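The values are calculated or read from the model by the stated rules, or taken from the named source; none is laboratory data. The shown structure was predicted, so the numbers you read here are calculated from the model rather than taken from an experiment. A quick note on method: Cβ atoms are made from the backbone with ideal geometry, for glycine too, and the neighbour counts reach across all protein chains shown. Just so you know, the surface numbers come from the protein's heavy atoms only, side chains and all, with ligands and any DNA or RNA stripped out. Shrake-Rupley method; radii C 1.70, N 1.55, O 1.52, S 1.80 Å.
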Amino acid sequence: MKVLLINGSPRAHGNTFTALSEVAKALNSDGIDTEIIWIGNKPIPGCIACNKCQETGVCVFNTGVYTELLEKLPAADGIIAGSPTYWAGPNGSLCALLDRVFYSLSRFLQYKPAAAVGICRRGGSVCTVERLNKYFEMNNMPMPSSQYWNNAFGSQPGDVSRDEEGLQTMRTLGHNMARLLKSLENVPRPEAEIHAWTNFIR
């Protein structure tokens with residue numbers, strides 16, 4: 001089994017990477033393979049509501065990290081998305097990517113366990129995790145818990161490595177993700193009903 005961890009920070013090896021690496025170590029110790037995918041620090045286009053993905057199955061902006069996820073998501077058994085906190089929310093580039101991934105590639109994500117990790121200097125990371133969790137909640141994805149909110153604290157690169165409780169929370173998340181993955185290994189996925197779209201404006 002394998003979990004993809006998405007590093008939603010513009011810094012390749014900053015505090016978000018440190019926190020995700022701690023989750024990955026716990027997963028690895030429980031026999032789960034991991035891979036951390038960095039979204040990079042180049043502009044990432046957001047959804048333009050063209051709905052072409054409903055015809056072709058992929059976003060019209062099929063480049064960069066989106067293409068990488070398109071290649072790797074089908075074989076992944078679980079997803080963890082991590083982000084620094086900007087204005088009490090996730091990095092906008094990460095949201096732009098996930099908006100398109102979850103709209104066009106949800107078929108590769110449904111029923112797979114998922115979790116979010118938020119990093120902040122002082123506050124707002126609970127809102128970051130809450131925002132990211134909405135992608136999973138609206139796509140039939142079970143979410144493993146931890147011992148606390150999935151947050152860690154640090155401003156400068158490397159600060160998170162001194163947040164002992166934050167690192168412990170990351171390890172607990174990794175172990176709980178591994179347990180959930182193993183418990184679901186031989187459980188058939190339910191067949192989802194066709195989505196009933198209801199509009200309230202006639």
### Task
State the percent of C-alpha pairs, over all pairs in the range 143-202, separated by a distance greater than 17 angstrom.
62
### Message
With angles folded into 0 to 90 degrees, how steeply does helix 164-184 sit against the dominant principal axis of the chain? Use alpha carbons for both and round to 10.
### Response
40
### Query
Per residue, how much accessible area does the chain show when a 1.4 Å probe rolls over the protein heavy atoms, in square angstrom?
54
#### Entry: C-alpha long axis of helix 92-104 to longest principal axis of the chain, angle in °
40
### Message
Between the range 93-119 and the range 13-61, how far is it from one alpha carbon centroid to the other, in angstrom?
### Response
8
## Note on the structure
Carbon plus sulfur, as percent of the 1.4 Å-probe accessible area of the chain, comes to 52
### Query
Where the convex hull is taken over the Cα atoms of the chain, what is its projected area averaged over directions, in nm²?
12.1
### Message
Of Thr18, Leu109, Tyr86, which is farthest towards the positive pole of the chain's charge dipole, taken about the Cα centre with +1 and -1 on the beta-carbons of Lys, Arg and Asp, Glu respectively?
### Response
Tyr86
### Binned Cα-Cα distance frequencies in the range 29-82 - 10 Å width, integer %
18, 45, 29, 7, 1
### Summary
When all Cα-Cα pair distances of the range 51-116 are considered, the percent exceeding 14 Å is 61
### Query
Using a simple charge model, +1 on the beta-carbon of Lys and Arg, -1 on the beta-carbon of Asp and Glu, nothing else, what dipole does the chain show about its Cα centre, in debye to the nearest 20?
340
